[in-house]
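Engineer: I'd like to ask some things about the structure below.
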Amino acid sequence: MLKVCVVGMGYMGVQHLRAWERIKFADVTALVDADAAKSAEAEKFGLRFYTDIENALNSEKPDVVDICLPTHLHRSAVETALAAGCHVMCEKPIAARWEDALAVRDAAQKSGRKFMVGHVIRFFHEYSAAHALVQSGKIGDVGVVRTFRRAGFPSSDRGWYSDEEKSGGMIVDMMIHDFYFLLWLFGDAERIYAKRVAAHGVDCALVTMRFASGAVAHLEGNWTPGAPFTYGFELAGTKGLIAFDSTRRKPLWIRQYDAGVESGESPIHNSPYYLQTEHFAQCIINDSEPVVTVDDALQTLRLALAACESTRTGKVIELTGFAG
Amino acid sequence: MIRAAILSFAHLHANSYAQCLHRHSGIEFCAVYDEDSACGGEQAQRYGAKFYQDAMELLRGEKPDFAIVCAENVRHCNLVLACAEAGVHCMCEKPIATTVGDANEMIKACTDAGVHLMTCFPVRYSPPVVRFREMVRGGRAGLPLAASCTNHGRMPPGWFLNKELAGGGAVIDHTVHVADLLRWILDREAVRVYAEVGHGLLHPGLGIDDVGLLTIEYEDGFFATLDTSWSRPAIFPTWGDVTIRMTGTDGVLQVDAFQQELEVYSDRDGRAEWQHWGENIDMLMIDDFVNHLLRNEPPAITGEDGLRALETALCAYQSAKTNKPVDINDIRC
């Protein structure tokens, strides 16, 4: 039985906790959150609660620590957990700053423990199915990729998201998923050019990339007030095209007369978070390598940081020689 | 009765223009010129028009009120100059020309001769686009900040793939519609373009560009990206699209100009198709040209409009050579 501690009981912490609950050979014994009020979450699930990660590790001696903290806190929590001899899962992005990401990579490599960054997009059925179709040759060689990811502008109670120092900003925090998808499809990029407008309560970035294979990609990310979370992609190849748009695929839909609001859902039994957690847990049991490697997480961040650099300098960023 | 001719059926759109001229109750479709007498002759016969194998002979002989130039891109210039010389008003298929020099020559010749020159940008007449423009300019989304645009297509046939005749591939073919729309909607000039261009990226061995991802920057900081790629596979249910998704300070506005479609699944024809039932924008455009002509007003879309859109495409090609953004001014010299 793997003993697990989940650190950080924000939205992601709860998602991860639900995923662990379904894994029969793992047992979450405690939750950690600096906010003492979160002890109510722990009580709800019948778990022990700590406000301090070191106390938790000393008392619980877990096999696995799952870090769901705000990005700027990733490095220190990961280093602490690895030093205590635990296997560690950590929410994306690996870090917001390059030097922190390198430090996490070094700690992971030295530790000899399993380490995986939660690039959950790999476990999203739409994305993994599309990737498999591409691998099967269904559309030939992919030449042009378009991705979009749109969400509501982070509200003040989740303040750290809109604090670029902490989260890395929209490009690092949210577009990271599409950078991972592209890395998974193509490997490394040659160059990036990005434009961004972050003003008037809107954060919108349009990124253009070129890969070594010659393929190009256009990524759109935006945070606008009140936007529902939507995402999609289009892969155009030498022999065909694959497209997905979350706004067009809502198998479940409701409109309540008096509430005047309509909403749609796409229910799934094995959520991407469950699949991700299950994969990591299996890697520990089987002593196998997670499909998302620490180097993948590093390279993904590098792409996002290069895009950020381009938006700041107005220049095309060549990836060779770009050091975060 | 306004008398009209078509100069060359090389461009796919000529067929649609011909049908529009034929159906328009105020227009007599009187003559056809084409280099290929078999093709041209057949078209002429279909519409009860007279066929000429020489453009100047047609212009001087028939003296039409106006002509629509639908030749291969490189040949637009000489045909428009011929119209100017013969005193015939002119609609010219996009892109107006393949070089800035040719476009300038065409504009000057028509101005000096006192003939109208309209660049064919029919998407300006798409009702969804017209409404989109109204809403943007009416401030429904506040101040425009950025736009993500597409003008996708399938790989076209024939001369479109020949640089000597087309001047380029997907980038010159599919930059100009949206570059013109953005200029028309925003009343803003593009100042810089960055482009990633792919040659034979989706059609191996093509020998011409079939992929273009442009980033167009405007004088006040507004920016737009534009996907010009011939990325719809042959089996795609429709030819392509024109879409603009604009983020503003107060909202997001999106238009998909050709989305008024039926989904048609035909075993008889062995394919799925999205068939457009929306307004015939070619007819609206031709009708508008004629109305401006009759009122002796300059056309709604001028030669200069065509030139500005062309500059964006040429700037994209220049950018792709250097992998750097290029100032539009550098293209103008």
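Engineer: Scanning the range A:198-257 for residues that are of a type in the set (S, T, N, Q) and farther than 26 Å from residue A:131 by Cβ, which turns out nearest to the other protein chains (Cβ to nearest Cβ)?
Structural biologist: Checked the range A:198-257; the qualifying residue nearest to the other protein chains (Cβ to nearest Cβ) is A:224.
Engineer: Residues that are under 24 Å from residue B:138 (Cβ atoms) and of a type in the set (S, T, N, Q): does the range B:206-223 have at least one?
Structural biologist: no
Engineer: Still on this model: Polar (S, T, N, Q), farther than 13 Å from residue B:90 by Cβ, open to solvent by 20 Å² or more (accessible area, probe 1.4 Å) and in a loop (DSSP other than H, G, I, E, B): is that true of residue B:16 in this structure?
Structural biologist: no
Engineer: I would also like to ask the following. Look through A:144, A:120 and report the one residue that is over 26 Å from residue A:267 (Cβ atoms) and of a type outside the set (D, E, K, R).
Structural biologist: Answer to the check: A:144.
Engineer: Among the strands (runs of 3 or more DSSP E) confined wholly to the range A:35-104, which include 1 or more residues that are surrounded by fewer than 22 Cβ atoms within 10 Å (Cβ to Cβ)?
Structural biologist: Of the strands (runs of 3 or more DSSP E) lying wholly inside the range A:35-104, those with at least 1 residues that are surrounded by fewer than 22 Cβ atoms within 10 Å (Cβ to Cβ) span A:48-50.
Engineer: If you go through the range A:3-28 one residue at a time, how many are surrounded by 18 or more Cβ atoms within 10 Å (Cβ to Cβ) and touching a strand residue (DSSP E or B) at 6+ places or on another chain (Cβ under 6 Å)?
Structural biologist: Residues meeting the conditions: 12.
Engineer: Now for a different question. Taking residue B:142 as the residue in question, decide whether it is at pLDDT 95 or above, within 14 Å of chain A (Cβ to nearest Cβ) and open to solvent by less than 10 Å² (accessible area, probe 1.4 Å).
Structural biologist: Criteria not met by residue B:142.
Engineer: Output the number of the condition that residue A:149 fails; it satisfies all remaining conditions of (1) touching a residue at least 40 places away in the same chain (Cβ under 8 Å); (2) more than 30 Å from residue A:200 (Cβ to Cβ); (3) crowded, with 20+ Cβ neighbours inside 10 Å.
Structural biologist: (2)
Engineer: Could you list, in sequence order, all residues of the range B:43-72 that are touching an Asp or Glu at 6+ places or on another chain (Cβ under 8 Å) and small (Gly, Ala, Ser)?
Structural biologist: Of everything in the range B:43-72, just one residue is touching an Asp or Glu at 6+ places or on another chain (Cβ under 8 Å) and small (Gly, Ala, Ser), namely B:71.
Engineer: Run residue B:25 past the list (1) farther than 20 Å from residue B:92 by Cβ; (2) of a type outside the set (A, V, I, L, M); (3) in contact (Cβ under 8 Å) with a residue 40 or more places away in the chain and report the number of the one that doesn't hold.
Structural biologist: (3)
Engineer: Now, a different point. Where in the range B:32-133 are there helices (runs of 4 or more DSSP H), lying fully within it, with 2 or more residues that are closer than 25 Å to residue B:292 by Cβ and of a type in the set (Val, Ile, Thr)?
Structural biologist: Filter on the range B:32-133 gives B:100-113.
Engineer: Follow-up. Of all the strands (runs of 3 or more DSSP E) wholly in the range B:200-287, which have at least 1 residues that are buried (at least 22 other Cβ atoms within 10 Å of the Cβ), of a type in the set (S, T, N, Q) and within 11 Å of chain A (Cβ to nearest Cβ)?
Structural biologist: Where strands (runs of 3 or more DSSP E) fall fully within the range B:200-287 and carry at least 1 residues being buried (at least 22 other Cβ atoms within 10 Å of the Cβ), of a type in the set (S, T, N, Q) and within 11 Å of chain A (Cβ to nearest Cβ), they are B:209-218, B:223-227, B:243-248.
Engineer: Failed condition for residue A:236, given (1) open to solvent by less than 40 Å² (accessible area, probe 1.4 Å); (2) under 16 Å from the mean Cα position of the chain (by Cα), with all others met?
Structural biologist: Every condition holds for residue A:236 apart from (2).
Engineer: Suppose we filter A:310, A:271 for residues that are among the small types (Gly, Ala, Ser) and either away from chain B (no Cβ under 11 Å) or within 30 Å of residue A:88 (Cα to Cα) (or both); which single one remains?
Structural biologist: It is A:271.
Engineer: Which number in (1) under 30 Å from residue A:320 (Cβ atoms); (2) of a type outside the set (A, V, I, L, M, F, W, C); (3) out of contact with any Gly (no Cβ under 8 Å at 6 or more places or on another chain) marks the one condition that residue A:154 misses?
Structural biologist: The single condition residue A:154 does not satisfy is (1).
Engineer: Oh, and also: Suppose we keep only residues that are in a loop (DSSP other than H, G, I, E, B) and over 20 Å from the mean Cα position of the chain (by Cα) within the range B:288-333. Which one would you say is surrounded by the fewest Cβ atoms within 10 Å (Cβ to Cβ)?
Structural biologist: Here the answer is B:333.
Engineer: Further question: Tell me yes or no: at least one residue of the range B:155-176 is within 14 Å of chain A (Cβ to nearest Cβ), buried (at least 18 other Cβ atoms within 10 Å of the Cβ), more than 14 Å from the chain's Cα centre (by Cα) and modelled with pLDDT of 95 or more.
Structural biologist: Checked against the condition, which is being within 14 Å of chain A (Cβ to nearest Cβ), buried (at least 18 other Cβ atoms within 10 Å of the Cβ), more than 14 Å from the chain's Cα centre (by Cα) and modelled with pLDDT of 95 or more, the range B:155-176 yields at least one hit.
Engineer: With in contact (Cβ under 8 Å) with a residue 60 or more places away in the chain, within 30 Å of residue B:253 (Cβ to Cβ), buried (at least 23 other Cβ atoms within 10 Å of the Cβ) and away from chain A (no Cβ under 14 Å) as the only criterion, which of B:92, B:120 stands out?
Structural biologist: Checking each option against the conditions leaves just B:120.
Engineer: Out of the residues in the range A:239-259 that are closer than 30 Å to residue B:229 by Cβ and among the hydroxyl-bearing types (Ser, Thr, Tyr), state the one that is nearest to the chain's Cα centre (by Cα).
Structural biologist: Only one residue tops the list, namely A:246.
Engineer: Is it true that residue B:33 is hydroxyl-bearing (Ser, Thr, Tyr) and either surrounded by 20 or more Cβ atoms within 10 Å (Cβ to Cβ) or closer than 29 Å to residue B:162 by Cα (or both)?
Structural biologist: Answer is yes for this residue.
Engineer: Continuing with the same structure: In the range B:182-199, what residues are free of Cβ contacts under 8 Å to residues at least 40 places away in the same chain and crowded, with 23+ Cβ neighbours inside 10 Å?
Structural biologist: The one that is free of Cβ contacts under 8 Å to residues at least 40 places away in the same chain and crowded, with 23+ Cβ neighbours inside 10 Å: B:198.
Engineer: Can you tell me which residue among A:195, A:166, A:138 is open to solvent by 20 Å² or more (accessible area, probe 1.4 Å), touching a helix residue (DSSP H, G or I) at 6+ places or on another chain (Cβ under 8 Å) and within 12 Å of chain B (Cβ to nearest Cβ)?
Structural biologist: Selected residue: A:195, the only one of A:195, A:166, A:138 that is open to solvent by 20 Å² or more (accessible area, probe 1.4 Å), touching a helix residue (DSSP H, G or I) at 6+ places or on another chain (Cβ under 8 Å) and within 12 Å of chain B (Cβ to nearest Cβ).
Engineer: Applying the selection to the range A:90-107, what residues are over 17 Å from residue A:302 (Cα atoms) and either in contact with a Cys (Cβ under 9 Å, 6 or more places away or on another chain) or of a type in the set (Val, Ile, Thr) (or both)?
Structural biologist: A:90
Engineer: Of the conditions (1) at pLDDT below 95; (2) farther than 20 Å from residue A:229 by Cβ; (3) open to solvent by 40 Å² or more (accessible area, probe 1.4 Å), residue A:285 fails just one. Which one is it?
Structural biologist: (1)
The values are calculated or read from the model by the stated rules, or taken from the named source; none is laboratory data. Small disclaimer: the values here were computed from a predicted structure and weren't measured. With ideal geometry, Cβ positions are generated from the backbone for all residues, glycine too; neighbour counts draw on all protein chains shown. Ligands, DNA and RNA are stripped out before the accessible areas are found, and what is left, the full protein with its side chains, is counted by its heavy atoms. Shrake-Rupley method; radii C 1.70, N 1.55, O 1.52, S 1.80 Å.
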